[in-house]
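Below is one structure, written out as structure tokens; the observations come after it.
The values are calculated or read from the model by the stated rules, or taken from the named source; none is laboratory data. The structure displayed is predicted, hence computed values, not measured ones. Please note: Cβ atoms are built from the backbone with ideal geometry, for glycine as well, and neighbour counts cover all protein chains shown.
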């Protein structure tokens, strides 16, 4: 048995005696309840043995929750490998992999007659094969449909209907007799992919589903009643038999990182799964992450890219702020203006042609950051010292505690006039509505995300990731406030900015225009103008290798009280050459799961090793955690392997 226990030193198998009345139902993979330390806990049956090597008396199995084996051998292998990779426990991974049981749903589905659907027909003779426009695309599809296990990093063309291409690829693999698993970052992408895959009748798994609906669709995969599963992060563990294709779209999206222990990244989970099951793997997107580039440079994955001539043909005209000396002479304030003349001209031309214009703004709200007009002191809340923002009605309120402050005065100079340091999407929409009278203005972001808009004379103001699609593509896109995204104190600021820009620019028609609100001389902007995400990823990977940052190395972040993180690092038998960095203070408000609220402020300690030593690092830290758990030492320490946020 594998009891689902929280402590690391109990992540092992235990022998239990199976009573005669439970003999038929207590088969490997079923959920059971067992007594452990005087209380009943959930567990899974891993194996049935005729005798035990334990010398003492065995406790009896409590009860079988369900005779349906939900833990398959392949999911158990994957959960074990993910736990080892991320210094976690199998119990934590299995909680992510297998949803809670709903007896009514399970009973109804098992009693329901099922007829296997006919597999989709292969493409007709003469029909274009999936990914046929891309170099190495046809070879990848041929290998995947032949039952081999190719790995590819797919660079999508500007304006590509990526959901349709993935649906075509899944159709080809399913027609060959195997199953397909497709994972996307968010609900908007999932809805688009579900529409493209409707003919495959996929099981759609997402966090937004209710517990019963999610369990029902998960069971469809477990019982082999669907050949295709599509979903968000949680779908990565879906128990599909005869897996032939695994796809991850837009692997740079932060939502693909699991926020619960052991904090795995979906890209790594799917790569491990493809390797274990012998399935084809596609990591696709309009951009390429350094992690994906590392797979290409290591020879583990092949590039599926379009010829440069085709990229130029499909790409809209992209310019940066002050793209040339001529532009600067025509508009001397172009470098500092939020909307230079070229941006106005591009938007006006698209609107005059009755085509929509996309405006990407990094922050939602009206004026999310304020300072004193007289002395430039940032406006802070008098209650919690959080940043003040201005709502659309003009009222000042705190972004942390929501306390209104209608009579705010600057503590430095006594001034009452405030200026916007950052302009949000709501104020941008208001300003553009006045600048382009007669154009409809739509807002997308926050709790109101539009998935699709109609064409015509329309301005769409959206935050990054909330850009709706439109039939025929946008006539123009304005990417505002690039300094705000590029200026973040973050290792991945350039990478994330390019991802957001290229995802927005990909929605513009080939004859449209994209104006980027950043200096064209910046390498990130140059990569956008040339539509060269692969080149940017290669440069970024080389620069990180030079300074020892992931993915060129592996990092472990230990978060907790200073004495505890130092104790874990000291107790761990770290690989030779491991570097210990820190500890340093974590930002205010960060809480470590299980740590007392009144304890010392948490700190972060980093352990860095060579790329080949990543597994050894995780195992060493896990064993150190086991020792502390056995001795009940100190307060909890959170371990994250290769976190996106290092500082």
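Of the residues making up the range 626-637, those that are in contact with a strand residue (DSSP E or B) (Cβ under 7 Å, 6 or more places away or on another chain) and surrounded by fewer than 23 Cβ atoms within 10 Å (Cβ to Cβ) are 635, 636. Touching a strand residue (DSSP E or B) at 6+ places or on another chain (Cβ under 9 Å), within 16 Å of residue 31 (Cβ to Cβ) and at pLDDT 95 or above: is that true of residue 61 in this structure? Here the answer is no, as residue 61 does not meet what is asked. Restricting attention to the range 487-499, does a residue exist that is touching a residue at least 12 places away in the same chain (Cβ under 8 Å), buried (at least 24 other Cβ atoms within 10 Å of the Cβ) and within 19 Å of residue 342 (Cβ to Cβ)? No, the range 487-499 has no match at all.
Tell me, yes or no, whether the range 276-284 has at least one residue that is modelled with pLDDT of 95 or more, buried (at least 22 other Cβ atoms within 10 Å of the Cβ) and assigned to a loop (DSSP other than H, G, I, E, B). Yes, the conditions are met somewhere in the range 276-284. Number of residues in the range 331-354 that are within 21 Å of residue 438 (Cβ to Cβ), at pLDDT 75 or above and either touching a helix residue (DSSP H, G or I) at 6+ places or on another chain (Cβ under 9 Å) or not in a loop (DSSP other than H, G, I, E, B) (or both) equals 11. With respect to the conditions (1) more than 23 Å from the chain's Cα centre (by Cα); (2) in a helix (DSSP H, G or I), residue 188 falls short on a single one, namely (1).
Residue 563 fails exactly one of the following numbered conditions: (1) outside any loop (DSSP other than H, G, I, E, B); (2) touching a strand residue (DSSP E or B) at 6+ places or on another chain (Cβ under 8 Å); (3) farther than 30 Å from residue 339 by Cβ. What is the number of that condition? So residue 563 meets the others, but not (2).
Among the residues here, residue 433 does not qualify as assigned to a loop (DSSP other than H, G, I, E, B) and either at pLDDT below 80 or under 30 Å from residue 189 (Cα atoms) (or both).
Among the residues that make up the range 201-209, is at least one of them without any contact (Cβ under 8 Å) to a residue 12 or more places away in the chain and assigned to a loop (DSSP other than H, G, I, E, B)? Yes, that holds for at least one residue. Taken over the range 210-257, residues that are within 15 Å of residue 98 (Cβ to Cβ) and assigned to a loop (DSSP other than H, G, I, E, B) amount to 4.
What do you reckon, is residue 610 closer than 25 Å to residue 552 by Cβ and surrounded by 21 or more Cβ atoms within 10 Å (Cβ to Cβ)? Against the criterion (closer than 25 Å to residue 552 by Cβ and surrounded by 21 or more Cβ atoms within 10 Å (Cβ to Cβ)), residue 610 does not qualify. Among the residues that make up the range 505-528, is at least one of them under 21 Å from residue 153 (Cα atoms), crowded, with 18+ Cβ neighbours inside 10 Å, out of contact with any strand residue (DSSP E or B) (no Cβ under 9 Å at 6 or more places or on another chain) and in contact (Cβ under 8 Å) with a residue 24 or more places away in the chain? So far as the range 505-528 goes, yes, one or more of its residues are under 21 Å from residue 153 (Cα atoms), crowded, with 18+ Cβ neighbours inside 10 Å, out of contact with any strand residue (DSSP E or B) (no Cβ under 9 Å at 6 or more places or on another chain) and in contact (Cβ under 8 Å) with a residue 24 or more places away in the chain. Scanning the range 574-591 for residues that are closer than 22 Å to residue 549 by Cα and exposed (fewer than 12 other Cβ atoms within 10 Å of the Cβ) turns up 576, 577, 584, 587. Taken over the range 157-185, the criterion of being more than 21 Å from residue 268 (Cα to Cα) and not in a helix (DSSP H, G or I) is satisfied by 157, 158, 159, 160, 161, 176, 177, 178. So which residues in the range 550-560 are at negative phi and either crowded, with 21+ Cβ neighbours inside 10 Å or out of contact with any strand residue (DSSP E or B) (no Cβ under 8 Å at 6 or more places or on another chain) (or both), if there are any at all? Across the range 550-560, the qualifying residues are 550, 551, 552, 554, 555, 556, 557, 558, 559.
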